[in-house]
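Engineer: What follows is a structure written as structure tokens; I'll ask about it next.
The values are calculated or read from the model by the stated rules, or taken from the named source; none is laboratory data. In this text the structure is predicted, and so the values were computed from the model without any measurement. For neighbour counting, all protein chains shown are included, and Cβ atoms are generated from backbone atoms with ideal geometry for every residue, glycine included.
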Amino acid sequence: MRFSHLLLAAGVAALALPGLAKADAYGFLDEARVGVYEHDASVLGHQKETGADIGAEFLFDSPRFLTIIGSPRPILGGLANTSGETDQAYVGLTWTWDFIHNVLNQGDAFYVEGTLGGGWNDGKINVNGATPEGAVRKSLGSNVLFREDLDFGYRITPRYSIALSYNHISNADLGERNEGINDIGVRFGIKF
């Protein structure tokens, strides 16, 4: 089974969770999200790869020992490319800052979120031009890369949220090749 099929199944499962969830039913699972992104968006770089990415991610309660660095939540997620190009799986830590509360509803808020971590991808390490299949691909330099994410969101209620999301993967110029990939999109979240 392709990695993208596993991610799609995870996304369907994340969408089904609201009907199954009751408060604290999942223990350490804090939030599930699904999203759609423009793959390899031409922000801070140039676009070579195409298609959309479908994403699913899970955020967990912050362990007590992380309070010293602001109580970030551990995150596990992935992006599947609809054009059969670079898929990703990732882990990291996510910091969330709520501001401007009770704008339209009691309990709503705008928030900014940042994630730092790493991940695995099935992209090309070193490509000169088009691949044998004819697609133009990026030379990522490694299948294990750093990952950063920045979101601006609106918490519609304490349980549901929507966010504009930008994420970037690259090897931070540690490899011979380092074209990196930027994704921009929107994602929906549900807290448990």
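Engineer: Condition first: in a loop (DSSP other than H, G, I, E, B), modelled with pLDDT of 95 or more and within 30 Å of residue 174 (Cα to Cα). Can you find one or more residues in region 72-81 that meet it?
Structural biologist: From region 72-81, those in a loop (DSSP other than H, G, I, E, B) are 72; that's our starting set.
Of the ones still in play, those that are also modelled with pLDDT of 95 or more are 72.
Next, only the ones that are within 30 Å of residue 174 (Cα to Cα) stay: 72.
Within region 72-81, one or more residues are in a loop (DSSP other than H, G, I, E, B), modelled with pLDDT of 95 or more and within 30 Å of residue 174 (Cα to Cα).
Engineer: If you go through region 54-64 one residue at a time, how many are of a type in the set (A, V, I, L, M, F, W, C) and farther than 14 Å from residue 28 by Cβ? Let's see the steps before the verdict.
Structural biologist: Taking region 54-64 as the starting set, the residues that turn out to be of a type in the set (A, V, I, L, M, F, W, C) are 54, 56, 58-60.
With farther than 14 Å from residue 28 by Cβ added as a condition, the list becomes 54, 56.
Residues flagged as of a type in the set (A, V, I, L, M, F, W, C) and farther than 14 Å from residue 28 by Cβ within region 54-64 amount to 2.
Engineer: Residue 53 - would you say it is charged (D, E, K, R), farther than 22 Å from residue 158 by Cβ, under 12 Å from the mean Cα position of the chain (by Cα) and crowded, with 16+ Cβ neighbours inside 10 Å?
Structural biologist: In short, yes.
Engineer: Condition first: out of contact with any Lys or Arg (no Cβ under 8 Å at 6 or more places or on another chain), part of a strand (DSSP E or B) and of a type in the set (A, V, I, L, M, F, W, C). Now tell me which residues in region 96-129 satisfy that.
Structural biologist: Scanning region 96-129 gives 97, 99, 100, 112, 120.
Engineer: Can you tell me which residues in region 35-56 are over 14 Å from residue 87 (Cβ atoms) and either among the charged types (D, E, K, R) or not in a strand (DSSP E or B) (or both)? Break it down stepwise before answering.
Structural biologist: Restricting attention to region 35-56, the residues satisfying the condition of being over 14 Å from residue 87 (Cβ atoms) are 35-36, 38, 41-48.
The answer is 38, 41, 42, 43, 44, 45, 46, 47, 48.
Engineer: Does region 121-139 contain at least one residue that is in contact with a strand residue (DSSP E or B) (Cβ under 8 Å, 6 or more places away or on another chain), modelled with pLDDT of 95 or more and surrounded by fewer than 21 Cβ atoms within 10 Å (Cβ to Cβ)?
Structural biologist: There is no residue in region 121-139 that is in contact with a strand residue (DSSP E or B) (Cβ under 8 Å, 6 or more places away or on another chain), modelled with pLDDT of 95 or more and surrounded by fewer than 21 Cβ atoms within 10 Å (Cβ to Cβ).
Engineer: When region 76-88 is examined, which residues are found to be closer than 12 Å to residue 123 by Cβ and in contact with a Leu (Cβ under 9 Å, 6 or more places away or on another chain)?
Structural biologist: 79, 86, 87, 88
Engineer: Tally the residues that are farther than 26 Å from residue 40 by Cβ and in contact with a helix residue (DSSP H, G or I) (Cβ under 9 Å, 6 or more places away or on another chain), restricting the search to region 96-132. Lay out the reasoning, then the answer.
Structural biologist: To start, the set of residues in region 96-132 that are farther than 26 Å from residue 40 by Cβ comprises 96-111.
If we keep only those that are in contact with a helix residue (DSSP H, G or I) (Cβ under 9 Å, 6 or more places away or on another chain) as well, we get none.
Qualifying residue count, region 96-132: 0.
Engineer: Checking residue 90 against (1) buried (at least 20 other Cβ atoms within 10 Å of the Cβ); (2) assigned to a loop (DSSP other than H, G, I, E, B), only one condition comes out false. Which one?
Structural biologist: If we test residue 90 against (1) buried (at least 20 other Cβ atoms within 10 Å of the Cβ); (2) assigned to a loop (DSSP other than H, G, I, E, B), just (2) comes out false.
Engineer: Let me ask something else about it. Could you tell me which of the residues 38, 57 is at pLDDT 95 or above and acidic (Asp, Glu)?
Structural biologist: Values: 38 fails: at pLDDT 95 or above.
Of 38, 57, the one residue that is at pLDDT 95 or above and acidic (Asp, Glu) is 57.
Engineer: Mind listing just one residue for me: the one in region 149-161 that is in a strand (DSSP E or B) and surrounded by 16 or more Cβ atoms within 10 Å (Cβ to Cβ) and, of those, nearest to the chain's Cα centre (by Cα)?
Structural biologist: To start, the set of residues in region 149-161 that are in a strand (DSSP E or B) comprises 149-155, 160-161.
Subset that is surrounded by 16 or more Cβ atoms within 10 Å (Cβ to Cβ): 149, 151, 153-155, 161.
Values: 149: 7, 151: 10, 153: 14, 154: 17, 155: 17, 161: 15 Å.
That would be 149.
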